[in-house]
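To start, the structure itself, in structure tokens.
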């Protein structure tokens, strides 16, 4: 159980504070409700570009890292389809340094032509390195394109093409900043060795005078139900063949998300999971195999990916995966197997809550998702899932017309 205090400032900024006296540190996390899904189809990659631009300096802080390092801290950031997170970890007595830094770049980020050119080059190089020059690096471009035709999940976080970032104008970037990086579109979460009231007062001191931005709306087009299987085979510069199977899943807050998430664990969580044990260890059809959910705010994906063993065709590998999925559809999982997965999930959650950074980030995520209290309730939701729930969702999920197949063949 993570106890916390909440305060909402007049400019709309939500502040959550959790006190943890077991550590000398404090984690400061600010989550902006903007990700790749908030971009235009001809201007993709902007949220990821801002992950870099936010470190390019602000009105009173030309070098973000220097004062933080002098305060004994470290920082980082990441971007998703749905939100962007920036965080710092530092000694608790230096909390105000992190709040000052974050407030300055929220109020007055320095978006100069020179800073933009530098970060455009960095992001384009990252695109080339991780997507175009890395084996299987463009898999999310293809999977997104196969599974989404209307919703902006149809492009990956890094963007559709490097030209969108390379051709971004200073006005494009400033408009994106003004629309999304505002107090009324953010959650500030603090966890560590601090008194909640003192932390709240410091946060209000540094963020309270920042004007609210324009009213934020997240009206996104609903992706229509998928009615046919999609398939794509690529001849690519890859060392060995690879197969990807993707299925459309419910949104993160849908009641069926929880059994779907557990199904991905049944398939590929640990050495006793079904795909690993049966297809990799026993039948030796794969050298690698995994399954996971994207857990998007809107309906996302469950993805199974694997590298067939030498001498095993991609068609035989895919057929073996489908055999396992049919078993889940036809034979309800026994209670013992489900309980093992649920208890492993519960222990993972408990272990993650030993980290002040995890607690700060989870508070921000759940507050953005719905309400921060949900982070203390979801373990019970997962533990309440029954074998019948898994059986029902497997039948609904693992349908050919709800899927796409992506195959890489060495050129």
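Considering only residues in the range 332-363 that are in contact with a helix residue (DSSP H, G or I) (Cβ under 8 Å, 6 or more places away or on another chain) and not in a helix (DSSP H, G or I), the one that is surrounded by the fewest Cβ atoms within 10 Å (Cβ to Cβ) turns out to be 334.
Consider residue 111 carefully, then state whether it is outside any helix (DSSP H, G or I), modelled with pLDDT under 95 and not assigned by TED's automatic domain parsing to the domain that holds residue 249. Step through it out loud before you land on a result.
Values: outside any helix (DSSP H, G or I): yes; modelled with pLDDT under 95: yes; not assigned by TED's automatic domain parsing to the domain that holds residue 249: yes.
Yes: the conditions hold for residue 111.
Do we have residue 289 as more than 18 Å from residue 258 (Cα to Cα) and touching a helix residue (DSSP H, G or I) at 6+ places or on another chain (Cβ under 7 Å) here?
Values: more than 18 Å from residue 258 (Cα to Cα): yes; touching a helix residue (DSSP H, G or I) at 6+ places or on another chain (Cβ under 7 Å): yes.
Considered against the rule, which asks whether it is more than 18 Å from residue 258 (Cα to Cα) and touching a helix residue (DSSP H, G or I) at 6+ places or on another chain (Cβ under 7 Å), residue 289 comes out as yes.
Of the numbered criteria (1) surrounded by fewer than 19 Cβ atoms within 10 Å (Cβ to Cβ); (2) part of a loop (DSSP other than H, G, I, E, B); (3) out of contact with any helix residue (DSSP H, G or I) (no Cβ under 7 Å at 6 or more places or on another chain), the one residue 175 fails is (2). Please verify whether residue 243 is in a helix (DSSP H, G or I) and crowded, with 16+ Cβ neighbours inside 10 Å, treating the condition exactly as stated. It is false that residue 243 is in a helix (DSSP H, G or I) and crowded, with 16+ Cβ neighbours inside 10 Å. Does residue 135 satisfy the condition of being touching a helix residue (DSSP H, G or I) at 6+ places or on another chain (Cβ under 9 Å) and assigned to a loop (DSSP other than H, G, I, E, B)? No: the conditions fail for residue 135.
Given the criterion at pLDDT 95 or above, under 30 Å from residue 192 (Cα atoms) and surrounded by fewer than 19 Cβ atoms within 10 Å (Cβ to Cβ), identify the matching residue among 93, 102. It is 93. Looking at (1) farther than 20 Å from residue 168 by Cα; (2) touching a helix residue (DSSP H, G or I) at 6+ places or on another chain (Cβ under 8 Å), find the lone condition where residue 45 falls short. The failed condition is (1). Each residue in the range 364-408 was checked for being buried (at least 22 other Cβ atoms within 10 Å of the Cβ) and assigned to a strand (DSSP E or B), and 4 of them qualify.
A count restricted to the range 367-394 and to residues that are within 18 Å of the chain's Cα centre (by Cα) and more than 17 Å from residue 351 (Cα to Cα) stands at 7.
Against the conditions (1) closer than 17 Å to residue 357 by Cα; (2) touching a helix residue (DSSP H, G or I) at 6+ places or on another chain (Cβ under 6 Å), residue 52 satisfies every one except (1). Reported count of residues in the range 200-240, each being farther than 30 Å from residue 181 by Cα and not in a loop (DSSP other than H, G, I, E, B), is 7.
Among the residues of the range 160-168, are any in a helix (DSSP H, G or I) and within 29 Å of residue 60 (Cα to Cα)? The answer is yes; a qualifying residue exists.
The values are calculated or read from the model by the stated rules, or taken from the named source; none is laboratory data. Quick caveat: nothing in here was measured; it's all calculated off a predicted structure. Because the Cβ atoms are built from the backbone with ideal geometry, glycine has one as well, and the counts that use them run over all protein chains shown.
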